[in-house]
Each structure stands twice: as C-alpha cells, then as structure tokens.
Amino acid sequence: MEEELKCPVCGSFYKEPILLPCSHNVCLACAWNITVQTPEGETPVQRASGSSDYDYLEMDKMSLYSETDSGYGSYTPCQLKSPNGVRVFPPNIPRHCSLTCPLCHRSVSLDERGLRGFARNRLLEAIVSKYQQTRGIAGSASSSAVKCQLCDRNPLDATVMCEQCDVFYCNACQQRCHPSRGPLAKHRLVPPPKRAENRRRSARKPATCADHEAQNFSAYCCTCKSPTCTKCLEEGKHNQHDVKPLAVMWKQHKVVRDQITHCTMKLRQTTGMMEYCLEVLKENDPSGFLQISDALIKRVSSSQDQWVKGALEPKVAPEFDLSLNTDALLQTILQLDFCQGKVAWFTFDPTSAHRDIVLTNENQTVTCSSYDDRVVLGTAAFSKGVHYWEVTIDRYDNHPDPAFGVARINTMKDMMLGKDDKAWAMYVDNNRSWFMHNNSHTNRAEGGISKGATVGVLLDLVKRTLTFYINKEQHGPTAFENLDGVFVPAVSLNRNVQVTLLTGLELPKNFKQ
C-alpha cells in the first residue's frame, strides 16, 4: 500500500493532500509547484480519454510539460525535477493558471480561490499518519536478531541455523529437536546471519539433477521440456531429442520475465489501491468518506476494466508453452454429486465466461462484444435428477444462430456451443434448428426463433436425455440420449443476440416422469 500513500510529485508520503477533480491526490505544497500560467481566455488541454492512469510509469523520466505539446503558452519553469521525474514550477501563481495531474495529465483551471478550491483529503492524511507510525514499529523490530523458529512462546535469539533444514534454532531447541547425532549428524549447523535480509542476499545454490545429485543442470531438452545434466546426455536419455544449452534457452525466454515484471507492477498497483480502500473504510469519518467515495469508485472501476478487457495478456514466445495439466482436478470434479432437486436457482457465471461475454441484470442477462460465437456457463452443475430452465430472446438481429444446451466445465469458450465433444446443444435460426455435439449435427426440427421467443432446456439425468422446448412446446424429438456425468447449463451467442436466463422453474406440463 505504500505507493498509494506517496505523492507522485515529490515521491514522499503525502503532506496536507488535496483531491483533484480526476480523483488523484497531490501534496498541497507540490500543487503550488506544478501550477502553470494559462494565456487569458485559453482552456487547458485535456488528456485524451481512454489512456491508462498508469501511463506515467512507462515514461522515460522526461518533462511532462512543454510549450509544444501542452497548449498552455509560454512560461518559465525552473530546472529542478522531483524524485519522480516531474518538472516543478515557480511557486508564484499568476492570475490565469491551471494545474495538471502528474498521473493522468488531466488539467483543470483554478478559480479565484486558487488551490483552496480543492478538497483536503483528510482520510488519506490520517492513513498516512497511521502507516508511518506502524512502519516505525516494524522498522525497529526488523533490526533485531533472528529469532528461533521452534520456541513455543517468546522466541529466543537463534544461535545456529541448519543449512539442510533451513531452520533457525536457539541452544535449547537445537539440543531437543536437532541433535548432532544419528541421521542429523551430517547436517551442517552454522551461525545465523545478523539480519534476515543478509540471508536473502546469499548466493543461491545451483540446481542439481534429480537422477544425478552431484551434477548441475547444463542443458535444456525442448522435447521433454525439462533441464538435463551432462550425465543424462552421456547415458543417451535424450539422443533423439532437441537439446540446447541452458544459458541459450534462458536468454531466449527472458521475455517471460519481462511480462512477469509488467504484470507484477500492475498487481502491485491494484493491491496497493485495495489496501488503501480498506483503510479508508475503517476510518470513522462519514463526511470525509463521502468526500472521496466517488473518486475511489472511479479508480476501482478503472482498475477493474484493465483486468476485464485483457490488458495484461502475457506475451510469451510461441515456442515457450506455459500449460497446466488439470486432468486430475477435472476427474475429481466429475466424480462429485451436485444439485439433485427438480428446481434449481442459478445465474450465468462470470468467472467461467469468455472475456467477450458481457453480463448484466445480476448475471442473468448476457450479451457479447464480438461477432464470433462465445460461450458462457451457468453457476449450477447437475449430476442427478431432472432440471428445467429457460432463456428468453431479448434481441435477435441478422440471423445470428445462438446455441443453447449443456456442457462440461472445460468446454471451449471461443466457438459455438457443441463444436467440441464437451457440449450438447441446439442452435437455431429463424426457420429451423439443429442438434449438435462434437461438430456433428442434423436438421431435426422445422421452426426457429425470433425476438421474444423462449427456449427451454430439459435435462433428465434419470433417463439420461436432453430435450428442448420453444415457447413452452417440445421442439422436435429427444435431442440427445445416454448422457452421463456432470453437466453445466450453457449458451453461446455473438453481438447480435441478447438473452435472459430464467431459473427455478417447474417442469413442463407435458413432461412424463
């Protein structure tokens, strides 16, 4: 959270912070320094909308202001810069002047009240004071000696550290828990470092091969996607494999480290903002909270948009495959029993939906921002019983062919429902419908849908069948049989369709148990 509590101009903790119209803060003294003269009758240039509030972090520490790009006219800045690289200006404020936020570059003209026209952020000031007091206590504790990690209460200063166990012991705990005999006799006990950070700075031991403990890794097998040692190569374990020097592969894949650094910065900013918001909520100052609540909501919404829109997609080299094997987890999930009743209440699940899916109406109404078909699942999973739900067609333009049905939780989200072997669906147009599974479909029923229609899905896991309804009437024969396992309600659609989910419904009147 510390970065949230530091002024972007001076780089120090806020002193008498004021709240700018753009929702960012600066010290009162720093606000005087970054105020500039605007020619009479001229409006300060605003930053283009849509750019990130964190763009300033990517700049090359050049001046944020110039006569060419600011549009403010001529003024004479001093040659000093703040620790954060923001150029500061003379403290004397002319009659016609403006202030530009050093973070988002939005500008605002000052009225006759000058800087007194900006609200004082009392909550931020209080949180800074509290944080500084806490940091002072933590600082004194960190300078103390390393403590024993096995003492039950009031741990004593550690006297030894076992290099193999990586544990600190006082004399008593070392004699009791780590005697220098038996299987522990070969462990090396050394004096503990004076401070914990000294231990972190010590050189990391090179990784050794699991099959040949004395051998360090020296190569990387691209076929096995694992490092190897010289002995492994001599024994011929990778004779027909693509083996490259370890250092070469490391340099080739440094792009991953760069992306991690980028994502870590974004995570750090978001986490810091969250911690700051939590501290604000703890403060018992209603007027102060109402004063800055709109600003906090804007910042949280902006941060959320960055994540939802996929701004942090990792840019990994094509030959570097980052994959996670979830087979064991999925197998465990498929063996679970979920909802078994005939009436189930659920919504669309934003966590499992494709990122182009847009959910509203408390996650009951779904649209899509893409012309391609995208899948969204429900929050319920069924393994037993009989279940029925409906989807109303709120918007239906240009023959979009939406699909409705059920799927496994790991079905593909970037194609029409039923294209893979993990979904069973009916997709419809204005005149007819098809039942599709694993990209195999047949024309089963005449009659389609239009705006205002209702599509019903009946999942009978007693008879292991899936049947569809349109406007309360069964549509064609039973669509699928011999269903077994765990199924999740699913829909696929593109930007020409909007549908709303209806759940908690009784079974159709013509359904026979």
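I need the full set of residues from the stretch 485-512 which are farther than 17 Å from Y388 by Cβ, modelled with pLDDT of 90 or more and assigned to a loop (DSSP other than H, G, I, E, B), in order please. Residues satisfying the conditions are N494, R495, N496. Out of all the residues in the stretch 428-442, which are part of a strand (DSSP E or B), under 38 Å from the mean Cα position of the chain (by Cα) and at pLDDT 85 or above? Within the stretch 428-442, V428, W434, F435, M436, H437, S440 qualify. In the stretch 358-369, how many residues are in contact (Cβ under 8 Å) with a residue 24 or more places away in the chain, open to solvent by less than 60 Å² (accessible area, probe 1.4 Å) and farther than 14 Å from T392 by Cα? The qualifying residues number 1.
Applying the criterion of being open to solvent by 60 Å² or more (accessible area, probe 1.4 Å) and of a type in the set (A, V, I, L, M) to the residues of the stretch 407-417, the residue that is modelled with the lowest pLDDT is I409. The residues listed here are D372, D394; of these, the one that is open to solvent by 20 Å² or more (accessible area, probe 1.4 Å), within 22 Å of D429 (Cβ to Cβ) and not in a strand (DSSP E or B) is D372.
Report yes if some residue within the stretch 418-432 is polar (S, T, N, Q), open to solvent by less than 10 Å² (accessible area, probe 1.4 Å) and over 20 Å from A344 (Cα atoms); otherwise report no. For the stretch 418-432, residues polar (S, T, N, Q), open to solvent by less than 10 Å² (accessible area, probe 1.4 Å) and over 20 Å from A344 (Cα atoms): absent.
Does R176 qualify as being open to solvent by 90 Å² or more (accessible area, probe 1.4 Å) and at pLDDT below 80? It is false that R176 is open to solvent by 90 Å² or more (accessible area, probe 1.4 Å) and at pLDDT below 80. Among the residues of the stretch 444-484, those identified as open to solvent by 70 Å² or more (accessible area, probe 1.4 Å) and either outside any loop (DSSP other than H, G, I, E, B) or of a type in the set (A, V, I, L, M, F, W, C) (or both) are R444, E446, V462, E473, Q474. Every condition in (1) open to solvent by 30 Å² or more (accessible area, probe 1.4 Å); (2) in contact (Cβ under 8 Å) with a residue 60 or more places away in the chain; (3) more than 26 Å from E362 (Cβ to Cβ) is met by N510 except one, and the failing one is (2).
The values are calculated or read from the model by the stated rules, or taken from the named source; none is laboratory data. Bear in mind that the values here come from a model prediction, so they are computed numbers and not experimental data. Glycine also receives a Cβ, built like all others from the backbone with ideal geometry; neighbour counts cover every protein chain displayed. All accessible areas refer to the heavy atoms of the entire protein, side chains included, with ligands and DNA or RNA removed. Shrake-Rupley method; radii C 1.70, N 1.55, O 1.52, S 1.80 Å.
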